[in-house]
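First up is the structure itself, then whatever we jot down about it.
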Amino acid sequence: MDVFEGVTVALEGIRAHKLRSFLTMLGIIVGVAAVITMLALGEGARRQIESNITSLGTNLLYVRPGSASRGHVQYGLGTVQSLTEDDAAAILAECPSVAAVTSESRGNAQVKYRNQNWSTYVMATTPEFAYVNSIPIETGSVFDEGALRSRARVAVLGRTVVENVFGDEDPIGKVIRINRVAFTVIGTVAERGGTQWYDVDDVIYIPLSTGQIRVFGRDRLSGITIKVKDGDLTEQATIEIEDVMRRRHRLGPGQENDFVIRNQADILEVFSETSKTMTFLLAGIAAVSLLVGGIGIMNIMLVSVAERTREIGTRIAVGAKKRDILGQFLLESLVISVAGGIIGIGIGWGGSTALSHFAGFNTAVSAASIGLAFAFAAGVGIFFGIYPARKASMLDPIAALHYE
């Protein structure tokens, strides 16, 4: 029996037992659809993160407290809270390649307006934050140096905060409470877009001095963001910044930095790796249903072997070899799994599109994810079909012919 004939026989078997075949394929369908959807969510998040980071330009550097060890940032060791406003001022004054600097102290906080509560991310920073990070102001304005010196309680809200705290109400001039401290809203940031993993619009910007004293209760910085004069000067700026920081922190030759300097490529790599890890974790969980579907295929193929025992005996009696019987049942198992895989791919693709259209998720179905899911489905069909096929091929023809 050739492959084409085997596939034809397998399809006839599926048509003869439509409901049973569908229930057998259901595990494969669900598994493939789930894998496709999870991979599409992960790929969409990766592309969105890449787009958000690259939109900031190639001329940003980030100084964070901590030490670099084997390529990873180590926090919570030694003088980890080592950055100060004087460091930021020195970088701006002593590094010729630097155009602007903004200091940051950040953390999570509870925001309240009337009966609305929202947990968000608060960034205490300097007035240069909008220019350095290319943040578009939608309404109102940012705070100035006067607000910084007077520790004014004013705030600029991200779009997500506005929508969840104020709804359709204009927030400008309204008073909100951040960790029970009253702040007046003076501006809002235009929507920048986010991902399903991270929302860059879920943030409130307040003056650095106010945040350090009234909200966070610490005078050390969480980080310093630096805008380089030109993207081609990034490497030179990194050298200049490191030299300034080591002199200011009195680090001798051979002593490890108590700070880390990152550029856009480093940040993009970290986010991409995190996104990739989450994607494969979710896809791995989804793939469990493929294994369940494989068990269903094995079960139904064993039933098929029992139902067709006399047929198998007749085939062997008229000259069919063991490899013919083995190949026939393997083909049937493969056809069921591949058919389920094709349906699952269609459902997964449709589900990804629906999530993007109706739920606002960023999704992207790639050829690689389709190929991976299809190959996995076919592999499951072959793996779980081997035992029933081998059992069929090992039947004794005489016993099979007398089987009732």
Worksheet item: What are the aspartates and glutamates whose alpha-carbon lies under 17 Å from the alpha-carbon of K276, with same-chain residues fewer than 8 places away excluded?
Response: E43, E50, D266
Discussion item. Quick check: from the Cα gyration tensor, does region 99-224 come out rounded (a/c under 1.5), prolate or oblate?
Written reply: rounded
Item to complete: Take H357, H249 and order them by how many other Cβ atoms sit within 10 Å, fewest up front.
Response: H357, H249
Discussion item. Counting other beta carbons within 10 Å of each residue's own, what order do V122, V35 fall into, fewest first?
Written reply: V122, V35
Discussion item. Nearest 500 deg cm²/dmol is fine: what mean residue ellipticity at 222 nm does the chain get from its DSSP H runs of n ≥ 4 alone, each adding -39,500 (n - 2.57), divided by its residue count?
Written reply: -18000 deg cm²/dmol
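Could you compute the longest span of the chain free of trypsin sites (Lys or Arg not before Pro) located in DSSP loops and having at most 12 other Cβ atoms within 10 Å, not counting the site residues?
Longest stretch, sites excluded: 322-404.
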Response to the item:
Whole-Hz Karplus couplings 3J(HN,Hα) for region 141-156, θ = phi - 60° and coefficients 6.51, -1.76, 1.60, Gly and Pro as x, run 8, 8, 6, 10, 5, x, 5, 5, 5, 8, 6, 5, 9, 10, 9, 10
Worksheet item: Once the dipole of the chain is set up with Lys and Arg at +1 and Asp and Glu at -1 on Cβ about the Cα centre, which of A339, V303, L233 lies farthest towards its positive end?
Response: V303
Discussion item. Of G173, T102, G211, which is farthest towards the positive pole of region 99-224's charge dipole, taken about the Cα centre with +1 and -1 on the beta-carbons of Lys, Arg and Asp, Glu respectively?
Written reply: G211
Discussion item. What lysines does K174 reach when the alpha-carbon gap must be under 18 Å and sequence neighbours fewer than 8 apart in one chain are set aside?
Written reply: K112
Item to complete: Could you point to the residue in I312, G351, A287 farthest towards the positive end of region 269-352's charge dipole, with +1 and -1 charges on the Cβ of Lys/Arg and Asp/Glu respectively?
Response: I312
Worksheet entry | Amide H contacts under 5 Å for K174, placed H, 5+ residues apart | V185
Worksheet item: At A265 and V292, where each label point lies 7 Å from the Cα along Cα→Cβ, what is the point-to-point distance in nanometres?
Response: 4.5 nm
Worksheet item: So what are the ³J(HN,Hα) numbers for region 129-134, from phi and the Karplus equation (6.51, -1.76, 1.60; θ = phi - 60°), rounded to whole Hz, Gly and Pro as x?
Response: 4, 5, 5, 4, 9, 6
Worksheet entry | Size of charge dipole - region 99-224 - debye, nearest 20, with Cβ of Lys, Arg +1 and Asp, Glu -1, no other charges | 700 debye
Worksheet item: Within a Cβ distance under 14 Å of R64, other residues only, what is the Lys/Arg minus Asp/Glu net charge?
Response: -2
Discussion item. If amide hydrogens are placed 1.01 Å from N in the peptide plane, which non-local residues have theirs closer than 5 Å to the one on S141?
Written reply: G187, T188
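Stretched out fully, how many nm does the piece from E191 to Y62 gain, at 0.36 nm a residue minus the Cα gap?
Working: separation 129, 0.36 × 129 = 46.44 nm, distance 2.28 nm.
So the extension gain works out to 44.2 nm.
Let me spell out the model: positive unit charges on the Cβ of Lys and Arg, negative unit charges on the Cβ of Asp and Glu, origin at the Cα centre of the chain. What dipole size does that give, in debye rounded to 20? Display every interim value, and only then the final one.
Details: 37 positive and 40 negative charges, 239 e Å.
About 1140 debye.
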Worksheet item: Under 5 Å between amide H atoms, partner at least 5 residues away or on a different chain: which partners does V154 have, H built in plane at 1.01 Å?
Response: T184
Worksheet, complete the sentence: TM-like helix rule applied to the chain (DSSP H, alpha carbon span at least 27 Å on the long axis, mean Kyte-Doolittle at least -0.5) gives 18-55, 264-307, 322-358, 367-393
Fill in: Karplus 3J(HN,Hα) series, Hz, for region 201-206 with 6.51 cos²θ - 1.76 cosθ + 1.60 (x for Gly, Pro)
8, 8, 7, 10, 9, 9
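Since every read-out is calculated from the coordinates, none of them should be taken as a lab result. Since the model is a prediction, treat every value here as computed from it, not as a measurement. All Cβ positions, even for glycine, are placed from backbone atoms using ideal geometry, and neighbour counts span all protein chains on display.
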